[in-house]
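What follows is a single structure, written as structure tokens, with notes after it.
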Amino acid sequence: MKIKKYLYSLAATAMVLLGMSACSPDSYDLGDKDVTPADLVEGTAFTITHDSNNPNIVYLKSLMADKYQVTWVHPQGRSNEREVELNMPFPGTYEVEFGVETRGGVVYSEPVTFKIDNFYAGFVDNELYTLLTGGVGQSKTWIPDTGAYGLAAGDIAYGDPSTPAGFNNFTPNWEPEGSFQDNTGNFTKSSMTFDLKDGAHIKTTTVAPDGTSVEASGSYLIDTNNARLNLTDCQLLHSPNWNKMEDDAGWKTNIRIITLTENQLRLCVLRNPKTSGEGEWWLCFNFVSKEYADNYEAPEVEAFPTLAENWMDFVTPKNDKMITYKLTGFDWYNKDGSAKGVTSVAPNNNLEDMTITLNSGNNTYTLTDFDSKTHEGRYTLSTDGIYTFTPALPELKLSANGRAVFKANSDGTMRIMGFSEAENCDAQTGALSSIVWGSKEFDDQGKFYQYMGYKFEVVRAGAKKTFKATLHFFDTDWNAQESEPVFVTDGTDGDYTLTLTTPSASPYGMYIDVVKILKTHPNCDVVIKDIKVDGTSVTFDDALIDRGVGDDGPNAARRYILNPWGATAGGASKYAFTSTIAVTIGVKMDNGTPFITEDAKAHKTIRRRR
């Protein structure tokens with residue numbers, strides 16, 4: 001019986017030992033023994049198992065005692081958790097290394113493989129995969145952001161490692177402009193393409209500073225839970241100048257996705273002190289979708305006209321709440337506020353009949369148009385020099401050909417293009433003499449390309465009425481120009497000089513108009529007193545210079561100095577000039593006889609013929 005009892009006991013012990021060898025321990029403790037790779041064996045130190053319902057889900061579990069700090073190197077990067085879940089969408093054979101921290105550093109197991117047999121679309125039906133590639137069956141190419149696409153300042157950004165670097169959670173401390181990785185500009189010709197065509201593939205084309213290019217290809221996985229990108233057989237696209245910033249593993253694994261949208265990709269790695277010789281720092285590489293870059297049109301940047309620092313003191317002086325302006329002319333202006341000097345569009349002769357009064361006390365306006373109709377409303381003036389009129393100012397035709405039109409922008413705004421202050425004014429309060437307002441003009445594609453500018457003069461209380469005088473000139477090719485106007489003061493005789501400044505070698509016609517003066521002073525006289533060509537007076541006979549009316553019928557007094565169809569036609573050559581023509585006229589309000597004689601009335605249609 002003793003022998004039989006002994007045999008039963010021995011069998012029981014054998015069964016226990018056999019059971020212990022067949023099952024993995026819940027907590028594998030090596031005691032004080034140093035850990036070696038031989039100790040880190042699958043089934044003893046860790047396990048790799050597939051989910052019973054979805055074999056594309058793989059579980060990594062440490063069996064080491066809790067006192068051991070573990071680390072994993074797996075297809076989706078690195079992890080320090082004791083248990084890790086991998087979501088593996090694509091078929092293939094993958095490697096895992098299990099590591100334990102020791103006094104001498106991390107000791108890793110030999111690589112252990114596991115296999116995924118089928119593609120599982122559920123893991124790539126994710127916004128990160130879709131934005132990176134365009135979706136299943138698609139591919140998408142990304143290029144370095146040069147800072148020219150309105151998304152980032154340049155191809156790189158730096159971040160303090162003490163701050164987070166996660167999806168939509170990154171605060172750079174420096175964002176250099178342009179191609180900071182390579183000042184030759186060659187790297188900007190590089191590209192990085194991700195696809196989801198029968199797997200997840202990446203292909204890079206890296207253009208070095210010397211212009212040579214190298215292609216590489218591999219595969220990738222996204223840890224969608226943590227927004228991390230992991231590459232196999234291919235490094236993250238970067239300039240060869242930056243190779244030392246990371247080791248090979250750093251350019252491939254655990255790359256943080258900082259930003260991923262339809263058009264922008266920002267990927268972050270931590271600078272490696274061992275390879276770079278510099279401390280740890282976040283390096284954020286900025287990319288832009290090639291399709292977006294190829295079709296990108298930079299938004300129009302308006303080069304605002306520059307106003308003097310104290311412009312508001314003149315435009316809205318504290319002691320002059322109401323200012324009345326009269327329209328005196330127009331021109332076209334570049335976006336920076338410089339005048340183009342267009343003289344080929346002849347203005348209507350009743351421009352000065354339009355006035356607008358601004359009351360800065362209650363921010364109201366009253367505009368009187370050419371038909372004496374009033375338009376009223378309110379306005380605001382921004383610190384950028386932009387008026388907003390509510391309701392918008394009316395549209396008014398300013399030239400016979402309809403090219404020049406007075407109008408506000410579609411939003412009721414007008415910009416101050418410039419102004420001039422009155423002479424001999426109080427320096428503290430200031431006084432405005434003239435101002436130019438501008439509205440935008442657009443080309444056939446709807447792009448803003450210039451301003452239409454409207455010239456106003458201030459009408460001050462007690463100011464006398466004036467008549468605008470201009471000198472007109474055209475050559476044998478009908479190229480026309482017009483002088484800046486001078487204003488003849490009503491009721492006062494005086495001399496006035498008008499000047500042309502665009503040289504011409506082939507003069508054909510030249511005349512002076514003083515508009516509206518005949519309406520109130522039919523007996524006035526306009527005498528030509530001096531004509532200087534390039535600063536030298538030329539001979540002429542005032543008696544031979546035709547008198548007539550201007551384009552506004554009976555109101556304008558015209559003197560046709562060079563009339564192609566009159567007595568002065570033969571003197572054209574002496575009016576060729578290389579710098580200026582200056583004509584001085586004497587205006588007399590009452591000469592005792594009509595400016596237009598009976599003989600002149602018979603030829604009152606004398607005017608510039610086109």
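The values are calculated or read from the model by the stated rules, or taken from the named source; none is laboratory data. Because the structure is predicted, anything quoted here is derived from the model rather than measured. When we count neighbours, we look across all protein chains shown, and the Cβ atoms used for this are built from the backbone with ideal geometry, even at glycine. We work out accessible area using only protein heavy atoms, side chains counted, and drop any ligands, DNA or RNA first. Shrake-Rupley method; radii C 1.70, N 1.55, O 1.52, S 1.80 Å.
Tally up the carbon and sulfur contribution to the accessible surface of the chain as a whole percent, 1.4 Å probe, everything protein left in place. Carbon and sulfur atoms account for 49 percent of the accessible area of the chain. The modelled label-to-label distance between residue 183 and residue 405, using points 7 Å beyond Cα along the C-beta direction, is 5.2 nm. Note on residue 433/residue 261: beta-carbon distance plugged into 1/(1 + (r/R0)^6) with R0 of 41 Å gives a FRET efficiency of 0.20.
Evaluated with a Cβ-only charge set (Lys, Arg +1; Asp, Glu -1), the range 335-387 carries a dipole of roughly 160 debye about its Cα centre, given to the nearest 20. Candidates 250, 76, 438 compared by Cα position along the dipole of the chain: farthest toward the positive end lies 438, with charges placed on Cβ. Please give the residues of the range 509-535, grouped as numeric ranges, whose backbone N is less than 19 Å from a label point set 7 Å along the Cα-to-Cβ vector of residue 565. Only 509-513 pass the distance filter. In the structure displayed, which of 373/407; 529/588; 373/468 lie more than 18 Å apart, Cα to Cα? Violating the 18 Å Cα-Cα cut-off are 373/468. Relative to the Cα centre, the charge distribution of the range 256-408, modelled as +1 at Lys and Arg Cβ and -1 at Asp and Glu Cβ, gives a dipole magnitude of about 240 debye.
So which chymotrypsin sites (Phe, Trp or Tyr not before Pro) in the range 321-370 are both in a DSSP loop and have at most 16 other Cβ atoms within 10 Å of their Cβ? The qualifying sites are 370. Computed about the Cα centre, the dipole magnitude for the chain is approximately 1160 debye when only Lys and Arg (+1) and Asp and Glu (-1) carry charge, each at its Cβ.
Give the residue from 372, 359, 239 lying farthest towards the positive end of the charge dipole for the chain; charges sit on Cβ (+1 for Lys and Arg, -1 for Asp and Glu) and the dipole is referred to the Cα centre. The listed residue farthest towards the positive side: 372. Per residue, the chain exposes an accessible area of 50 Å² to a 1.4 Å probe, with every protein chain left in place.
Given a Förster distance of 45 angstrom, what is the FRET efficiency for residue 171 paired with residue 108, based on the Cβ-Cβ distance and rounded to 0.05? According to the calculation, E is roughly 0.85.
Let me make sure I get this right: for the range 157-304, a, b and c are the square roots of the gyration tensor eigenvalues over alpha carbons, sorted descending. Under 1.5 in a/c it's rounded, otherwise prolate if a/b > b/c, else oblate. Which is it? In terms of gyration-tensor shape, rounded.
Taking 16 Å as the straight-line reach from the Cα of residue 574, the aspartates and glutamates in range (excluding those fewer than 8 positions away in the same chain) are 475, 530, 534, 541, 542. Working from label points 7 Å from Cα in the Cα-to-Cβ sense, the residue 579 to residue 81 distance is 8.5 nm. Counting only alpha carbon atoms, the long axis of helix 2-22 and the longest principal axis of the chain meet at about 20°. Placing a label point 7 Å from the Cα of residue 214 along the Cα-to-Cβ direction, the residues of the range 228-244 with a backbone N closer than 13 Å are 234-244.
Give the aspartates and glutamates reachable from residue 326 as a straight Cα distance under 17 Å; neighbours fewer than 8 places away on the same chain don't count. Once the sequence-local aspartates and glutamates are set aside, what remains near residue 326 is 352, 353, 369, 371, 376, 395, 421, 457, 484, 490. Place a label point 7 angstrom from the Cα of residue 119 along the Cα-to-Cβ direction, then list the residues of the range 222-252 whose backbone nitrogen is under 19 Å away. 222-224, 232, by backbone N distance to the label point. In the set (i) 1.32; (ii) 1.14; (iii) 1.12, the label that goes with Rg/Rh (Cα atoms, Kirkwood Rh) computed for this structure is (i). Note on residue 334 and residue 297: the extension gain reaches 11.2 nm, defined as 0.36 nm multiplied by sequence separation minus the Cα-Cα distance. Only protein heavy atoms count here; on that basis, with a 1.4 Å probe, residue 261 has an accessible area of about 60 Å².
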